[in-house]
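Visitor: This is the structure, below, for whatever I ask next.
The values are calculated or read from the model by the stated rules, or taken from the named source; none is laboratory data. Owing to the predicted nature of the structure, the values given are computational and were not obtained by experimental measurement. When we count neighbours, we look across all protein chains shown, and the Cβ atoms used for this are built from the backbone with ideal geometry, even at glycine. In case anyone asks, the SASA skips ligands and DNA or RNA and just uses the protein heavy atoms, side chains included. Shrake-Rupley method; radii C 1.70, N 1.55, O 1.52, S 1.80 Å.
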Amino acid sequence: MDGINAKYVSKKISKTRWRPVSSSSLQQPDIFATGSWDNEDNSISIWSIGENGVSSMDDEFEGDPQLLCEYKHNGDVLDLQFLDQDRIVTASSTGAVTIFRHHHNSQTLSVSQLWERAHHYPCNNAPCTGVVCNSPEIVTVGEDGRIMLFRADQEGVLRTIEMADSSAIHAVTFLRTTEILTVNSIGQLKLWDFRQPGNEPSQILSLTGDRVPLHCVDRHPNQQHIVATGGQDGMLCIWDVRQGNMPISLMEAHTSEMWEVHFHPSNPGHLFSCSEDGSLLHWETSSNTDTPSLQGGRNTSIISRSAIAPAGGNQSLINAWLTGDSSKGHLETTHMLPSQMLSVNSLDVLGQCLVCGTDGEAIYVNRYVPI
Amino acid sequence: KHLGFVWGPGDILVYETIYKASGGCPFVHEVRKDEDIYSPILRKLFNESHHIFVGLQRIREDLPSKNKKPQFVSISKNYRSVIRACMEELQQVAGIVSILLAVELIWNLCEVLFIDAAPAGSLVLHLLDWVRLHKADVDEKAREVLASESPAEHQAYWDVISYVLQGRMDEARQVLVKQAALQPAARVMFKLLDNLLMKMPIFNVHSPGETQTLTEFDVKWRHWREEVDHCLQDQSFASNRHLEDICKILVGDEDVLLEYKELLSTWYHFLVTRLLFSHPTVKPTELHYYAQSSMHMFLDTRSVPEPLDSILLAAFEFDIHQVIKDCSIALNNWWFVGHLTDLLDHCKLLQSHNLHFGSNLREFLLLEYASGLFTHHSLWQLAVDYFDHCPEFGRVYLELQIERVPLDTERKALKVIRICEQRQMTEQVRSICKIMAKKALRNNRLGSALSWSIRAKDAAFATLISERFLQDYCAKGTFSDLDLIDNLGPAMLLSDRLTFLGKYREFHRLYGEKRFSDAAKLLLSLMTAKIAPHSFWMTLLTDALPLLEQKEVNWPTTLTSILNFFLLT
């Protein structure tokens, strides 16, 4: 596994996220944030991987992440997103939603805003499980089945969708600027339109078979109706939210819970997923029919079950996701981490850089992801 | 006042108490015996070594042993490099660093003697490497001297003897050259010594590509030694005390060696130097004799040997069990003995030494280590793998401990359940799911509660949840959580009550959509399937009546069926 080094950090990592780079610059990301969990003192930390574009590949420690600053966090960090270049939003197991500000000149973190009981049960707190932002708006979801809408720099709550779900909501993502998609622990995807008043979803999708709890969801960067989800059984599902209430394809991916799934933001023919079974998979579609070159690392064959053939017959790369087999395109998976690892809880990919965190209290950074 | 206490898994709870009842809130103190696992830097040690441990367990048993030995040596080196990495980070905290230094020293010696099992000839060379690694200040001092303006006149110049003591002849020669330049009159003497140093035979080193037998080496070495002895007898170095000392060291003069106690600093350095210059072909079985005598010669006879010394001595005596035993006593954390014993066991070096409570030594130590880990709020996950590789009692220990992990969030509960499911611990899965389901129910999260019951395949709890729904319906007249009931899917089949709930809700939907004949058929099937709870019969009957008024419904047949149902049950 060229280019991957482990950095042991003495805390189990629950979330890792790259700081966004401006889309115009071609720079690779160099700063990422991590959140910890299951510690008596949890914290969020900012790390740097130093100069980009330095090509001394034989220097092992060149890519070693350096800790820039750290701040104590109440409760497990269950989700973490960059609101903008300076601010980070976290979702806590105490039900709080916090905005941290990163001061670049002094390399410190401070709490900029806090909504303490964003998610709660009647008598005690409920963990806030997911947060997604579209600056300045912040949407959070929790085990209490509520969806909350906040605005950064504004006290109080913009909107609450009470009793949005009778089970715990595990993750949320934006479909459009006014629409979000949530997944819950009874295996349903729900679309919510903020332009509609009331507490009802505009659409509910789920598998006809066993309703496995879903843990993660991500939208295709260019096609707003294509969504990938992963759940308890480790299967990767690709959905088209316009077409009926069934997934377009199901692929066996992992042997236990899939915690995160991400389309690559600029190369959506690549998808990454990580799981409780300690593996991180790189899925790659290509539309050429000759044998693919091995990426190094271990390749596995995937078993795919196409549920419905997609309507329309265009030969774009998108179809490769939808069919999941080699007739119209080519789908290849690669393991990106050494075997025998504890759960990989989180991953993030931007440009050519990938960062992930594990229950083995280690962070792995790969700066040369083949995309 | 009295003190009471109670044992916990890794700590003691101590509380003050007075026997007569009175007001006031007593304090409870938690006393932890194993502070090490809470140190953030040592945590890296635990995590990294866990990874190495798991890799070691998966080495295939059926490989021939000559292929495995290099693997074991490499694993041993991995463990040691992890220790060294920790030491580098821990520079400031003196106490732990000295313990880690000692630990690495012992491990390294065990690797040389037991795992690598160097035979006579290369044994001394390996021991030399061992000593050199643990006496690193020699290079630092030499650098300081050489960097000075006039190295040959530096007060520490003659510490160059340290190089000789460590068998590093090339470096010694390089430093001596500086002195030689300053004393042109003694040129001949310096040249002679330089020659002797250069010609010293080292086993297998000077003949790359050819292997030397021990006997060949022995002959060469004796020949060389005689030559050095000649020079001494001839008084060739009489005019320079330092050079003469070096020469005497080369023939293994123990009295001279002992004069340089400060440079040697430890009895085991003395031992190895002694062996290098007097018995370079020493066999492993002869080591202990030299070790004991070295220790006696070097140390003050009145001083009590330190724990480290007895451990090293036991290693030289090849008494593995004694080494492990002494280390267990000296160190307060089972990390070192656990991992070392496990590695030695894989090398098949431990006799099956059954302890009187049934498990063997390796398993006992690993269980102790892992139990200690399990008390940690975070490192418990590592302990699971250790228990997995303890065939006799590991599973029992895991079953008992895993239920005590506090479950604050659903995510943590899911991880614990996954661990139990992978090991077919169905009882623990059920009990954890039940705890989570009850919690959810208390918070009125019926969907979550149902999701947990499905995971545990707990029909009884699913029935309980359905009863709650039906009660809510009877109380309010409408269903709550329609998103759940309308989308039950195959989960409906988990319990009769749940199936009834799903179908009953479907009945209401059909009625609302004015599909009356379908609704009637469904209602009848609900009645005849006998899954309706008794409390609901009246409700069903009341629901049936308006249906009879609908045109599509064949009311004579329907009424007959309903009457049959009520009369015959």
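Visitor: Does B:Asn444 meet the test of being over 34 Å from the mean Cα position of the chain (by Cα), closer than 26 Å to B:Ala520 by Cβ, at the interface with chain A (Cβ under 10 Å from one of its Cβ atoms) and not in a helix (DSSP H, G or I)? So that I can check it myself, show each step before the final result.
Guide: Numbers: over 34 Å from the mean Cα position of the chain (by Cα): yes; closer than 26 Å to B:Ala520 by Cβ: no; at the interface with chain A (Cβ under 10 Å from one of its Cβ atoms): yes; not in a helix (DSSP H, G or I): yes.
Taking the combined requirement at face value, the residue does not satisfy it.
Visitor: Right, another one. Identify all residues within the stretch A:269-290 that are open to solvent by less than 20 Å² (accessible area, probe 1.4 Å) and either in a strand (DSSP E or B) or modelled with pLDDT under 90 (or both); write none if there are none.
Guide: Selection gives A:Gly269, A:His270, A:Leu271, A:Phe272, A:Ser273, A:Cys274, A:Ser275, A:Leu280, A:Leu281, A:His282, A:Trp283, A:Thr285.
Visitor: Considering only residues of the stretch B:474-487 that are within 11 Å of chain A (Cβ to nearest Cβ) and free of Cβ contacts under 8 Å to residues at least 24 places away in the same chain, which is farthest from B:Ser535 (Cα to Cα)?
Guide: Once the filter is applied, the top-ranked residue is B:Asn487.
Visitor: Would you check if A:Val89 is farther than 17 Å from B:Lys439 by Cβ, assigned to a strand (DSSP E or B), away from every other protein chain (no Cβ under 14 Å) and under 19 Å from the mean Cα position of the chain (by Cα)? Spell out the reasoning first.
Guide: Working: farther than 17 Å from B:Lys439 by Cβ: yes; assigned to a strand (DSSP E or B): yes; away from every other protein chain (no Cβ under 14 Å): yes; under 19 Å from the mean Cα position of the chain (by Cα): yes.
Criteria met by A:Val89.
Visitor: Still on this structure: Do you know which of the residues in the stretch B:447-463 that are at the interface with chain A (Cβ under 10 Å from one of its Cβ atoms) and in contact (Cβ under 8 Å) with a residue 40 or more places away in the chain is most open to solvent (accessible area, probe 1.4 Å)? I'd like the intermediate steps shown before the answer.
Guide: Looking only at the stretch B:447-463, we keep the residues that are at the interface with chain A (Cβ under 10 Å from one of its Cβ atoms), and these are B:447-452, B:454-455.
From what is left, the residues that are in contact (Cβ under 8 Å) with a residue 40 or more places away in the chain are B:450, B:454.
Numbers: B:Leu450: 3, B:Ile454: 58 Å².
Filtering first and then ranking leaves B:Ile454.
Visitor: Oh, and also: How many residues does the stretch B:528-558 hold that are part of a helix (DSSP H, G or I), among the aliphatic types (A, V, I, L, M) and open to solvent by less than 60 Å² (accessible area, probe 1.4 Å)?
Guide: Step one: filter the stretch B:528-558 for residues part of a helix (DSSP H, G or I), giving B:528, B:534-548, B:555-558.
Subsequent filtering for residues that are among the aliphatic types (A, V, I, L, M) retains B:538, B:540-541, B:544-545, B:547-548.
Next, from what is left, pick out any that are open to solvent by less than 60 Å² (accessible area, probe 1.4 Å): B:540-541, B:544, B:547-548.
Of the residues in that region, 5 qualify.
Visitor: Restricting to the stretch B:64-88, and then to whatever is charged (D, E, K, R) and modelled with pLDDT under 90, can you tell me which residue is surrounded by the most Cβ atoms within 10 Å (Cβ to Cβ)?
Guide: Checking each candidate, the answer is B:Lys68.
Visitor: Counting only residues that are of a type in the set (A, V, I, L, M, F, W, C) and outside any loop (DSSP other than H, G, I, E, B), which one in the stretch A:1-30 is farthest from the other protein chains (Cβ to nearest Cβ)?
Guide: Of all residues in the stretch A:1-30, those of a type in the set (A, V, I, L, M, F, W, C) come to A:1, A:4, A:6, A:9, A:13, A:18, A:21, A:26.
Next, only the ones that are outside any loop (DSSP other than H, G, I, E, B) stay: A:4, A:6, A:13, A:18.
Values: A:Ile4: 14, A:Ala6: 8, A:Ile13: 11, A:Trp18: 22 Å.
For the stretch A:1-30, the residue satisfying everything is A:Trp18.
Visitor: May I pose another question? Filter the stretch B:464-493 for residues that are among the hydrophobic types (A, V, I, L, M, F, W, C) and either closer than 28 Å to B:Gln550 by Cβ or open to solvent by less than 50 Å² (accessible area, probe 1.4 Å) (or both) and give the result.
Guide: Here is the first cut: in the stretch B:464-493, the residues among the hydrophobic types (A, V, I, L, M, F, W, C) are B:464-465, B:469-470, B:474-475, B:479, B:482, B:484-485, B:488, B:491-493.
Answer for the stretch B:464-493, where residues must be among the hydrophobic types (A, V, I, L, M, F, W, C) and either closer than 28 Å to B:Gln550 by Cβ or open to solvent by less than 50 Å² (accessible area, probe 1.4 Å) (or both): B:Ile465, B:Phe469, B:Leu470, B:Cys474, B:Ala475, B:Phe479, B:Leu482, B:Leu484, B:Ile485, B:Leu488, B:Ala491, B:Met492.
Visitor: Next question, about the same structure. Would you kindly identify the strands (runs of 3 or more DSSP E) lying entirely within the stretch A:104-220 that contain at least 1 residues that are closer than 28 Å to A:Pro265 by Cα and within 12 Å of chain B (Cβ to nearest Cβ)? First the steps, then the outcome.
Guide: On the way: elements: A:108-115, A:128-134, A:137-142, A:147-151, A:159-161, A:169-176, A:179-184, A:188-193, A:203-206, A:214-219.
The strands (runs of 3 or more DSSP E) meeting that bar are A:128-134, A:137-142, A:169-176, A:179-184, A:188-193, A:203-206, A:214-219.
Visitor: Please list, ordered by residue number, the helices (runs of 4 or more DSSP H) wholly in the stretch B:155-241 having 1 or more residues that are surrounded by 12 or more Cβ atoms within 10 Å (Cβ to Cβ) and free of Cβ contacts under 8 Å to residues at least 12 places away in the same chain. Give the steps one after another, and end with the answer.
Guide: Working: elements: B:161-165, B:169-182, B:187-199, B:214-233.
Those helices (runs of 4 or more DSSP H) span B:169-182, B:187-199, B:214-233.
Visitor: Can you find, within the stretch B:242-263, the residue that is least open to solvent (accessible area, probe 1.4 Å) among those that are among the hydrophobic types (A, V, I, L, M, F, W, C) and under 15 Å from B:Tyr290 (Cβ atoms)?
Guide: If we take residues in the stretch B:242-263 being among the hydrophobic types (A, V, I, L, M, F, W, C) and under 15 Å from B:Tyr290 (Cβ atoms), then B:Leu257 is least open to solvent (accessible area, probe 1.4 Å).
Visitor: Can you confirm whether B:Glu61 is modelled with pLDDT of 75 or more, acidic (Asp, Glu) and closer than 28 Å to A:Gln340 by Cα?
Guide: Working: modelled with pLDDT of 75 or more: no; acidic (Asp, Glu): yes; closer than 28 Å to A:Gln340 by Cα: yes.
Considered against the rule, which asks whether it is modelled with pLDDT of 75 or more, acidic (Asp, Glu) and closer than 28 Å to A:Gln340 by Cα, B:Glu61 comes out as no.
Visitor: Could you tell me whether B:Ala291 is surrounded by fewer than 19 Cβ atoms within 10 Å (Cβ to Cβ) and of a type in the set (A, V, I, L, M, F, W, C)? Spell out the reasoning first.
Guide: On the way: surrounded by fewer than 19 Cβ atoms within 10 Å (Cβ to Cβ): no; of a type in the set (A, V, I, L, M, F, W, C): yes.
Against the criterion (surrounded by fewer than 19 Cβ atoms within 10 Å (Cβ to Cβ) and of a type in the set (A, V, I, L, M, F, W, C)), B:Ala291 does not qualify.
So that you can scan it fast, the table gives a plain yes or no per residue for (1) open to solvent by 20 Å² or more (accessible area, probe 1.4 Å); (2) at pLDDT 85 or above:
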residue	(1), (2)
A:Ile13	no, yes
A:Ser22	yes, no
A:Ala33	no, yes
A:Phe82	yes, yes
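Visitor: Just to be sure I understand, how many residues within the stretch A:35-45 are open to solvent by 40 Å² or more (accessible area, probe 1.4 Å) and either away from chain B (no Cβ under 14 Å) or in contact with a His (Cβ under 6 Å, 6 or more places away or on another chain) (or both)? Even if it seems obvious, please write down each step before you answer.
Guide: Just the residues of the stretch A:35-45 that are open to solvent by 40 Å² or more (accessible area, probe 1.4 Å), to begin with: A:40-41.
The next check asks that each one be either away from chain B (no Cβ under 14 Å) or in contact with a His (Cβ under 6 Å, 6 or more places away or on another chain) (or both); those that pass are A:40.
Result for the stretch A:35-45: 1.
Visitor: Hey, could you check the stretch A:255-268 for residues that are part of a loop (DSSP other than H, G, I, E, B) and open to solvent by 10 Å² or more (accessible area, probe 1.4 Å) and say which is nearest to the other protein chains (Cβ to nearest Cβ)? Break it down into steps so the answer makes sense when it comes.
Guide: The first filter runs over the stretch A:255-268 and keeps only residues part of a loop (DSSP other than H, G, I, E, B), leaving A:255-257, A:264-268.
Filter once more, keeping what is open to solvent by 10 Å² or more (accessible area, probe 1.4 Å): A:255, A:265-268.
Working: A:Thr255: 9, A:Pro265: 25, A:Ser266: 30, A:Asn267: 30, A:Pro268: 28 Å.
Step by step, filter the stretch A:255-268, then rank; the result is A:Thr255.
Visitor: Of all residues in the stretch B:452-483, count the ones that are part of a helix (DSSP H, G or I) and under 13 Å from B:Ser495 (Cα atoms).
Guide: The total comes to 12.
Visitor: While we're looking at this one, here's another question. Hey, could you check the stretch B:371-417 for residues that are more than 14 Å from every other protein chain (Cβ to nearest Cβ) and aliphatic (A, V, I, L, M) and say which is most open to solvent (accessible area, probe 1.4 Å)? Quick ask: steps written out before the conclusion?
Guide: First, the residues of the stretch B:371-417 that are more than 14 Å from every other protein chain (Cβ to nearest Cβ): B:371-372, B:387, B:390-404.
Next, only the ones that are aliphatic (A, V, I, L, M) stay: B:396, B:398, B:400, B:402.
Numbers: B:Val396: 75, B:Leu398: 3, B:Leu400: 106, B:Ile402: 3 Å².
Only one residue tops the list, namely B:Leu400.
Visitor: Regarding B:Arg509, is this residue over 24 Å from A:Leu205 (Cβ atoms) and either among the basic types (Lys, Arg) or within 14 Å of chain A (Cβ to nearest Cβ) (or both)?
Guide: Details: over 24 Å from A:Leu205 (Cβ atoms): no; either among the basic types (Lys, Arg) or within 14 Å of chain A (Cβ to nearest Cβ) (or both): yes.
No.
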